[in-house]
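Student: Here it is: the structure, laid out below.
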Amino acid sequence: MGEKEEAAPVLLQCLESGRVDVICSILSQMKNQADFHAQVDKLCCKEGTLLHKAVWLDAADSVAALLSGGVNPCVQNSEGKTAYQCCQSEGVRLSFVREALQSINLHKTERLCQLIRAGVPVDSVDTPDTKNTLLNWAADFATPEVVKALLTNGANVDLANFKEETPLHTAVIKANAEVVKILLSAGANPSLKTKKGQDAFALAETHSPALLSLLSMDQIARDVRHHRSVDDMDDRMSLISCTETLNTQILNDSIKYEKYIEGEIDSWTDLLWPQPKLISIKHQSPRNFEFPKDGKLKVYFDDCSSANPRQVMQIIELSKPLLVSVGVDIEYRGHRLADHETSALEGKVTCGVFEDGRPSGSYTLTIDAIRGVEVVGSDYAGIRHAFATFVQIVRLHKYALHKNVGHSNGVSTSVPSSPNGNASGDHSLLNGNSASKHLPDICADGTIKELTIRDQPDRAFRAVYQDFSGCRILNPDTILKLATRLSSCKANYLFVNFEVRTTDRYQLPYTNRELFHMMQVCQELFITFVPSIDTQSNYLEGDQARTIIDQFLDDFPLCKVVHFGPNLASFLISDRKLLTSIQRRVPRIYLSTHVDEKNGPLLSTLPPFVTLCVEGTWPFEVEKYVSPRVSVVIKFSTGDDGYLCASPESVAKKALLAAKLSDRQTVLGSMVCDLSTGCEAMPPSLSYMSLLASVGVAFNGSTDMKKYAFLLPVIAAHHMLLDGDMVSLFEQVQTLGKVEHQLTKYAYGYWKPNSSSSPNADISSGSETTLFGMSANKKMPISVFVEMILNPENMNMERLTPVVFKKARIELKRTTSALDATSKLLPYSYDLALVLEEIRLVTELMVLVSKLGQYMCVYGSQPIDRKKSFEEGLPYSPGRVGVINLPPAIRTDLANTMLRVRGQFQHVWLSRSIPSTLQNALKMFDNLFRALLPHDLQEMGKQLL
């Protein structure tokens, strides 16, 4: 076929003439073309697509050829039917089933789910004689991910074949422990027997005795579940199970992670962040390091070191406020004395810089009962990192001592566990009264066991990107506080991005004095301040672009690094003369751009002073199009596009992907981006866990995020809020993300909650997109909460019911109760109170939207003309509703609540952002308020806003 020749007419002729061989040949040639699906999946005849035509012809072989060639079975014809829904004979239906079986054999999870969405029954059998279901085949031949996908789509876990063998029997015979565990967690009954009278236990004794313990534990769990819960009905109606944490099914691959689900840790050192490469603790040492009785650490400078004592003092002063807040002060004594190592002086701290060949930022930290504390860095950055780690150790021990003192006095200072059963794991172990219980291996008397830490960064680039292109522009004080916290967690780049509108006069939101102060503080924190700029459009003239860039560089005369966003980057990539002229002023240039086969050759010739910033996706195809001579930085967002809150699963998945992609030779490191556009303009505290996860794996790529994903709330509490008792705040942030994502998955048919009245209710089978499976990124729909805020007049509520929204409200009210309990124990701290109010604000907004959704399901009914589905492959149904049909009293009540939430938002916003951005930020709330307000109250509403 010629390159310009349309494939559809030729394939239609082949279908009508029965030339299956030609169909296979054409599809094989076209498969790698970029417009493959556009050609073979379009509506090309009165029946619909090519696949519809083959079904109408009742040509089973042609159907099989098209499916094998990769056509999309989810496309609907003009009647809204997929090809499978048009099948008239069993032979043609069998072609679809065989394609599903082939997908199982080849472990093509996405293709299998696509066929199921097209209408292929999830419990289809291979032949009427053998009666092996898709799940039976998956248990025999496929991976655990395929099994999870079938269960997620509603496969009957106990449906037996002709031999009365269930999928569990098959998995036991194959000795596949992972699949057995998945099936058991989905409710598979191990007591069912085959035709030979053997149950799962008998089969395990014969084929795989190692599985007997797993089957026995499941039986015990079943017995426990049959006991009635003492919780009330609301507790049993939760949208997310109280036993679900993060996405429990992701841990079915190894039982070693199960204890972390409940918040348990192996040692107090698990709370150091980023995790050091080597920690050696002398557990059998007769003496421990004791804090001096006068509360002052005596700092000495190693006289053999080439370090400037004044500069080392400046580094230590950065950590001093964190030590003073826990009752430890610092006193500088000068160079060490001759008898320094044997002196009985308490609280000795010796510092020195020695270049030993390790990368910049490397350090060794030794804590000895006699010699005191020894801090050795490969450079000044190493000293900074060493002291940051030492401060974390001191604060954890002081926190444990405080807990023990409170416990011995009979006083509890811990935050109560979350009323929703600790949705992010039972951190009562971390909040409890016993130090030995919540911080294992830590000394109860406040002393520190002798230890040595050797550490060095895996990546020299560990960046945080603050985006001020939208309505959120943080004030300088907030930026510097964030930079200080992240510097303690060893981030070393801070990108601050501005957007210039070509129709407006060039002006940055900060004064030159504020910009200079931010750069100066970042330099002291060993963070490289990187100014970033972009335009709102790539339609600009060359002279206009040069003028904007020159004005921007004039505002940062001392900067040695600069970043340009996608629109300006596309201009600079094509104009090498301008790019070179910029390099004369700024030695290092970062360009954010999209990489594909079209611009790959041009990007491959970029000069060495340019580093590309690309989105971190899987599969990572940058190396496929760009020469390895070009350095690359991978970018990840802190949130999920189109959502108010990030889900715990996506936070962990992005951190895992960052660690995996950072192993590439061309990748210098990773950048985590806190965006400020649209619904992503949420309070910055919601992104703290994402920031920590990304920075942590950038410093130590071997960090096991399957473990630390569950510990992020307590890590964020200790290192971002500096208060280990505030774990509950971040647990509730995780709960908000779960509720939003679970309800959205349910709305679009990706997830279906179990009946709350069942004693076996459990959603551990979760979603089809696994957290740790590195599958291709799947475009998810916009959040139901966000869509309802932005477009309450025309919502697709086809799959949603009042009960679903009620369950969401129940979960959110539990979060509100947990926040109320935390507020009663909140110390006098403006920063902590602000974070609490930010989380409470988002919670109340989601409660309001859930209440609105519940009412819309009950009252709303607005028939409209048929429109396309939000995404190809999902069937359309005209189940749309709007607020206009709600009773006036309900609308007024909701509008009053919206007005109260709006007032809270104003307070929180002005505490973090510059005042001039408030009006744009309020538009989202004002639009919803106007939509909720009845028509006769609109004039009054204008006066209230």
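Student: State the Kirkwood hydrodynamic radius of the stretch 461-699 in Å, one decimal place, computed from all pairs of distinct Cα atoms.
Tutor: For the stretch 461-699, inverting the mean 1/r across all distinct Cα pairs yields 18.1 Å.
Student: Moving to a separate point now. List H402, H52, H907 from most exposed to least, where exposure is judged by having the fewest other Cβ atoms within 10 Å.
Tutor: Fewest-to-most ranking of H402, H52, H907: H907, H402, H52.
Student: Could you tell me the extents of the stretch 270-354's C-alpha atoms along the three principal axes, largest first, rounded to whole Å?
Tutor: 33, 29, 29
Student: With the Cα gyration tensor of the stretch 608-647 in hand, convert its eigenvalues to equivalent ellipsoid semi-axes via √(5λ) and list them largest first in whole Å.
Tutor: Semi-axes, largest first: 27, 12, 6 Å.
Student: Dividing the convex hull volume of the Cα atoms of the stretch 1-56 by its residue count, what figure in Å³ per residue is obtained?
Tutor: 74 Å³
Student: Let me ask something additional. Based on the Cα atoms of the stretch 596-676, what semi-axes does the equivalent ellipsoid have, where each is the square root of 5 times one gyration tensor eigenvalue, given in whole Å with the largest first?
Tutor: Here the semi-axes work out to 25, 13, 11 Å.
Student: What does the charge add up to near A60, with Lys and Arg as +1, Asp and Glu as -1, over the other residues with Cβ less than 11 Å from its Cβ?
Tutor: -1
Student: Answer rounded, prolate or oblate for the stretch 553-637, using the Cα gyration tensor with square roots of eigenvalues a ≥ b ≥ c: rounded when a/c is under 1.5, else prolate when a/b is larger than b/c, else oblate.
Tutor: Taking the square roots of the gyration eigenvalues as a ≥ b ≥ c, the stretch 553-637 is prolate.
Student: Using a cut-off of 24 Å between alpha-carbon atoms, which lysines can reach K131, once sequence neighbours fewer than 8 places away in the same chain are excluded?
Tutor: In chain and number order, the partners are K108, K148, K163, K174, K181, K193, K195, K196.
Student: Given that compact globular proteins tend to follow 2.2 N^0.38 Å, what is the ratio of the alpha-carbon Rg of the stretch 75-175 to that value?
Tutor: Relative to the rule-of-thumb radius for its length, the stretch 75-175 sits at 1.07.
Student: What base-10 log of the normalised intensity I(q)/I(0) is obtained for the stretch 41-225 from the Debye formula, alpha carbons as equal point scatterers, at q = 0.10, 0.18 Å⁻¹?
Tutor: The Debye formula, applied to the Cα set alone, gives -0.45, -1.05.
Student: Quick check on my link table: of K282/K403; K398/K824; K403/K481; K745/K851, which ones sit more than 30 Å apart, alpha carbon to alpha carbon?
Tutor: none
Student: Sorting Y708, Y257 on the 10 Å Cβ count, fewest up front, what's the list?
Tutor: With the fewest neighbours first, Y708, Y257 line up as Y257, Y708.
Student: Ranked from highest to lowest mean number of other Cβ atoms within 10 Å per residue, what is the order of the peptides 270-282, 628-640, 723-735, 571-583?
Tutor: Ranking the peptides 270-282, 628-640, 723-735, 571-583 by packing returns 723-735, 628-640, 270-282, 571-583.
Student: For the stretch 562-634, which GluC sites (Glu not before Pro) pass both filters: DSSP loop (anything but H, G, I, E, B) and at most 14 other C-beta atoms within 10 Å?
Tutor: Those satisfying the criteria are E597, E621.
Student: For the stretch 555-565, just list the computed ³J(HN,Hα) in residue order, Karplus coefficients 6.51, -1.76 and 1.60, θ = phi - 60°, integers in Hz, with x standing in for Gly and Pro.
Tutor: Going residue by residue, I get 6, 10, x, 9, 6, 9, 9, 8, 10, 10, x Hz, with x marking Gly and Pro.
Student: How would you rank M689, M898, going from fewest to most other Cβ atoms within 10 Å of each one's own Cβ?
Tutor: Ascending number of Cβ neighbours within 10 Å: M898, M689.
Student: Going down the table (K296/K320; K577/K598; K653/K707), which pairs top 18 Å between alpha carbons?
Tutor: Violating the 18 Å Cα-Cα cut-off are K577/K598.
Student: About the Cα centre of the stretch 461-699, what is the dipole size in debye to 20, counting +1 per Lys and Arg Cβ and -1 per Asp and Glu Cβ, all else neutral?
Tutor: Computed charge dipole of the stretch 461-699: roughly 700 debye.
Student: Taking a quarter of the surface of the Cα convex hull of the stretch 57-122, what do you get in nm²?
Tutor: 4.2 nm²
Student: While we're here: Sort the following peptides by mean Cβ neighbour count (other Cβ atoms within 10 Å, averaged over residues), highest first: 835-844, 125-134.
Tutor: Ranked from most to least packed, the peptides come out as 835-844, 125-134.
Student: Grab the other residues whose beta carbon is less than 13 angstrom from that of R93, score K and R as +1, D and E as -1, and report the net.
Tutor: Overall, the nearby charge balance is -3.
Student: Now, a different point. If you add up the charges near S662, with Lys and Arg at +1 and Asp and Glu at -1, over every other residue whose beta carbon is less than 13 angstrom from its beta carbon, what do you get?
Tutor: +4
All of the numbers you see were taken from the coordinates with simple rules; none came from a lab. Just so it is clear, the model here is predicted, and its values are computed rather than measured. Backbone-built Cβ (ideal geometry, glycine too); neighbour counts: all protein chains shown.
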